[in-house]
């Protein structure tokens, strides 16, 4: 699961919104801002709206005929940076994000000749949006799940926006990007690109 | 969403395993033990394996044609006690359980003539199983989600089993039910039945 | 740990702010609003600012000379409703609140002649304030800890306020109480008073 | 808060047990195993049992006369790797660990000439022990708190041990180190040492 050893870095954003395309998605708005910020550091980006695909329940690499996870996984394999973007529902990451974590569980059995998980050398960052609170908790859960399966978390590896308690405004409907969120996005992008670059050059040792 | 005012109490267990029927399910084993314990207190029980149904992503009561949540919701409406049973994956409740919480979010808009959520008067309890740790965290999340949408949590409202760190034994394969889990199940059942009974007789006041 | 069987109900609010008296405390402001709302339902209230007392680290009922937890515990014993009020730091409940949970752990060994925890029959509710997000996660943790040691959680058993992401406004400095928080406080109070009343009359069965 | 740019790497383990010295501490046992494993990678180690010191409640760098946090902080400043070791109480990190996170909150205001937090360039790893479940949740919370204040989390940045559900065995009383935990400790140490080394040579860019 290592990206190619030369050339420019690439990032894949998994948008874990509950809304199938072509509906608007606040999660996509902030996720795209992260991809744009990464581009300023020479990282090419692309995205998948996971709910548009039939990702089967289970914890195997491939859950059989019709399962669309293997194709998404292949794109993770080919990327240096994973941007896990999720909305906040009931204060939690979405069921779509949890499905992604469950499917990534299979990576715990995938190692290279040196005994290293195939995700070693890849960097993960987290994006959280929501009308209401949840970003700290959700980034905690995401960091743990992604780190458990082998991703490295750069300093300040999350950007987020939550509205005031019990309010209903959506991030996509804000008149402008809050400067605090923009600042967090910029820091995250610089750190993620840097860390992915040094890990590509100096990978983790054999286990 | 109130159950009938007289007659015996009923409980619905939602099994949030990732495995579709007819696969064995550790979650079902402990969930059924809870239903059996509730039966000793005069509570009739039934269950739904949620993954066998097409529960669409979203936060509306009905996500449209083909959505099987409305039928499951109707069974919740007709029950006095909800038993939310989930496996542990990546230390979290399953994506199927999170899907249930997301769909229950719609209950926040459903009130009776007195301004009370339709879930007021219903009791919720939690069942967690897993090879590895997670029960405390998962019961926390479940209590919060279920309480936010109006369920009452009886004293000691969870029963669970997790194996030792990084072990792989399944609850369904244990030679016998651990006495600690059996004890927690018995206490939960007695308390849930009692609380559902007193809340049926003395419902919460108007909001 | 059962309150007296007759007379009016009483509530104890544990303010788990990090700021010793006489500093202002946002947590106290919302906690007092809960006590005021409970008073409208005939519940008398009092409070303890825990950080003003030397609550020793440990998980015993009494950690020895100088430990001020036993006196606080006695006030919990004499109350029908526990109001656990905490600020949000790093997205988590405060170290003072965690200290309270650790000391309550000792209740798991305290049972009456019927095998019931002494907290059975008591109701717990949660108050969370913070500049930034955390309320859902913190109420989850608090519900779990309080329920594990025997408290019952009434429907909608939390009231809270968090500001917008990465903002720094304090609840105590808001010009007026947000109507959403006021509404949550009112519902919580009505439900907690009702549930404490019915549990006093109809306690949980023997274990 | 950057360690010196040359010479060998150093690690500081903060033992967040509730038990003051000289009591035995399971957290220390596993924390020391991490320091020993780091030593095999050329990292010198030392530790602080935080509960032995008067770390005042608050979120400032220095809470005034008698506050022993500034001296502990100085040792963090001089280290390349922070090993945050905590027991599991009520399924949560200890109140002592939460106190550490609260005091680290002050780092959000401390930046160098390039606008970088002083923790940028430092690596953090997590150690969790407990009779009962909690390690996944606790490592999630710790990763989030430590990453928010600027630490980088290496791949597989946690080692842990929890016993089976509702059991009471302590890690310090196990006859031998479980091989799964030993394996996690070894991987963590190799990855943390490597990442600290590359970040010392190639620090994050200016913000």
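Just so it is clear, none of the values below were taken in a lab; they were calculated from the coordinates. Everything numeric here is computed off the predicted structure, so don't read it as measured data. Glycine also receives a Cβ, built like all others from the backbone with ideal geometry; neighbour counts cover every protein chain displayed.
Over the stretch B:24-75, the fraction of Cα-Cα pairs per 5 Å bin, rounded to whole percents and listed from the shortest bin up, is 4, 18, 21, 16, 16, 14, 8, 2.
From helices alone, the protein assembly as shown scores -11000 deg cm²/dmol at 222 nm; the rule is -39500 (n - 2.57) for each run of n ≥ 4 DSSP H residues, then divide by the residue total. Projecting label points 7 angstrom from Cα along Cα→Cβ for residue C:77 and residue A:175 puts them 5.9 nm apart. Taking the 0 to 90 degree range and rounding to the nearest ten, how far is the long axis of helix B:26-39 tilted relative to the main principal axis of chain B, both from C-alpha atoms? Between helix and principal axis, roughly 50 degrees. Mean-square fluctuations from a GNM of chain A, with a 10 angstrom spring cutoff on Cα atoms, peak among A:68, A:78, A:164 at A:164.
Relative to the other identical copies, residue C:207 shows label-point distances of 3.4, 4.1, 4.9 nm, where the label point lies 7 Å from Cα along the Cβ direction and values run shortest first. Entry note, chain A: relative contact order of 24 percent, from Cα contacts under 8 Å with a spacing of 6+ residues. The ranking of C:81, C:76 from fewest to most other beta carbons within 10 Å of each one's beta carbon is C:76, C:81. Per the Debye calculation on the protein assembly as shown with a single equal scatterer at every Cα and no solvent contribution, log₁₀ I(q)/I(0) for q = 0.05, 0.06, 0.08, 0.10 Å⁻¹ amounts to -0.23, -0.34, -0.62, -1.02. When chain D is treated as a Gaussian network with alpha carbon springs shorter than 10 Å, the biggest mean-square fluctuation among D:182, D:140, D:37 belongs to D:140.
For the peptide D:84-93, the mean number of other protein chain Cβ atoms found within 10 angstrom of a residue's Cβ is 6. For residue A:61, inter-copy separations between label points set 7 Å beyond Cα along the Cβ vector come to 4.7, 5.1, 5.7 nm, shortest first.
With the Kirkwood sum run over all distinct C-alpha pairs, chain A has a hydrodynamic radius of 17.0 Å. Here is how far apart the residue A:42 label points are across copies: 2.7, 7.5, 7.6 nm, shortest first, using a point 7 Å from Cα toward Cβ.
By the Stokes-Einstein formula, at 0.890 mPa s and 25 °C, the stretch A:95-141 with its Kirkwood radius over alpha-carbon pairs has D equal to 191 µm²/s.
Here the Gaussian network model covers chain C, with springs between Cα atoms less than 10 Å apart; of C:129, C:83, C:51, C:51 fluctuates the most. Residues C:27, B:86, C:181, arranged from fewest to most other Cβ atoms within 10 angstrom of their Cβ, appear as C:181, C:27, B:86. Compared with the dominant Cα axis of chain C, that is its longest principal axis, helix C:135-148 is turned about 10°.
Projected onto their three principal axes, the Cα atoms of the stretch D:1-94 cover extents of 35, 30, 24 Å, largest first. The ranking of D:46, A:44 by Cβ neighbour count inside 10 Å, starting from the fewest, reads D:46, A:44. Within the stretch B:59-130, all pairs of alpha-carbon atoms sorted by distance into 10 Å bins from zero give the percentages 17, 47, 30, 5, 0.
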